[in-house]
């Protein structure tokens, strides 16, 4: 049945796809003023993160929630995606704003790591590396003295070396992922972002990355540490991804929050389909690249891919 929208506060609306069942909450925070994140149009990024956390937890001081990253001694990894270069990566302005808000909630900067696969990709996306000291850390797995685990972690169809950042440097993880169309997987978002935590992601792109994205997330080093998905939908590549193509990129101007990794990506998929439809493009299913790994993740109990089990809250900053 079509979603029913009800006002829940000034500038906020909530979509209940079905009432009377356990719902996974997904929050979309839109920017009233939009542009590219490196411009003055996104000075409101810290406010967008604060609003997203507040809507998700119902608390002004979200770190007080036991379901969140509540232990201030946690070493939190902010897993970003910089493979697309400066034009379609997690921008420094975005991840640094998140780190600022985490610090406001009592997480010491020395316990925050912004990271990805390589230092080269981080620098090409505009990041300044910082490996030492008591400040916020920014570095890649290929940093000298870091690297990958010495032995394979085997789980279902996955057999990989894991970044030592994911396996040992952090105790909790936030997936801050770019929302993009993907030529093989259909959609790349919060769950697939963890392909950047293993040494052999190319091995797992057959069959639309199914069941590999779900099975990797289900591995102990990912599932036990993951606390939240935040999808960077400030610029959405809705066709011809995952590389950047300006004619198929939309300044959507949103951040998407959920503690349900599957529901977050399912809403991201919905947004991509809406943007594609507005341009007269076929659905991902019609192009034979529906992100079926989300259905696999649902069956594995990792979250819900069913829209009738998602409560969608939308607001603006």
Potential extension, residue 150-residue 93 segment - 0.36 nm per residue separation minus Cα distance: 17.1 nm
Indicate, rounded to the nearest 5 percent, the antiparallel portion of the DSSP beta bridges found entirely in the chain. 55 percent
For region 43-195, rounded, prolate or oblate, judged on the Cα gyration tensor with a ≥ b ≥ c (square roots of eigenvalues), a/c < 1.5 rounded, else prolate if a/b > b/c? rounded
Residues 170, 131, 230, sorted so that the one with the fewest Cβ neighbours within 10 Å comes first: 131, 170, 230
Label model pair residue 283, residue 108: point-to-point distance (7 angstrom along the Cα→beta-carbon line) in nm is 5.2 nm
Mean-square fluctuation maximum in Gaussian network of the chain, Cα pairs under 10 Å, restricted to 291, 282, 92, hits 282
Restricting to region 129-287, compute how many DSSP beta bridges are antiparallel as a %, nearest 5. 70 percent
Gyration tensor (alpha-carbon) shape descriptor, region 135-198, a/c threshold 1.5: oblate
Using 0.36 nm per residue, how much length does the chain from residue 184 to residue 207 gain when fully extended, once their Cα-Cα distance is taken away? 7.5 nm
Only counting other Cβ atoms within 10 Å, I'd like 227, 59 sorted with the fewest neighbours first. 59, 227
Calculate the length of the line joining the C-alpha centroid of region 137-167 to that of region 173-249, in whole Å. 17 Å
Gain on full stretching of the segment that runs from residue 224 to residue 132 - 0.36 nm per residue minus C-alpha separation: 30.5 nm
Would you work out the Kirkwood radius for the chain? I mean one over the mean of 1/r across all pairs of different Cα atoms, in Å. 19.5 Å
Please compute the contact order of region 187-317 in relative form: average sequence separation of alpha-carbon pairs under 8 Å and at least six residues apart, divided by the residue count, as a percent. 27 percent
Does region 183-238 classify as rounded, prolate or oblate by the C-alpha gyration tensor (a ≥ b ≥ c root eigenvalues; a/c under 1.5 gives rounded; else a/b over b/c gives prolate, otherwise oblate)? oblate
In whole percent, what relative contact order does region 96-223 give with Cα contacts below 8 Å and a gap of six or more residues? 18 percent
Here the relative contact order (percent) of the chain, from C-alpha pairs under 8 Å and at least 6 apart, is 25 percent
Using 5 Å bins from zero, what percent of all Cα-Cα pairs in region 161-308 falls into each bin? 2, 10, 21, 24, 21, 14, 6, 2, 1, 0
Taking neighbour Cβ counts within 10 Å as the exposure measure, how do 115, 269, 248 sort from fewest upward? 248, 269, 115
Rounded to the nearest 500, the 222 nm mean residue ellipticity computed for the chain from DSSP H runs (n ≥ 4, each -39500 (n - 2.57)) alone is -6000 deg cm²/dmol
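No lab work stands behind these numbers, since they all come straight from the coordinates. Only a predicted model underlies this, so the values are computations on that prediction, with no experimental measurement involved. Every residue, glycine among them, receives a Cβ derived from its backbone with ideal geometry; neighbour counts consider all protein chains shown.
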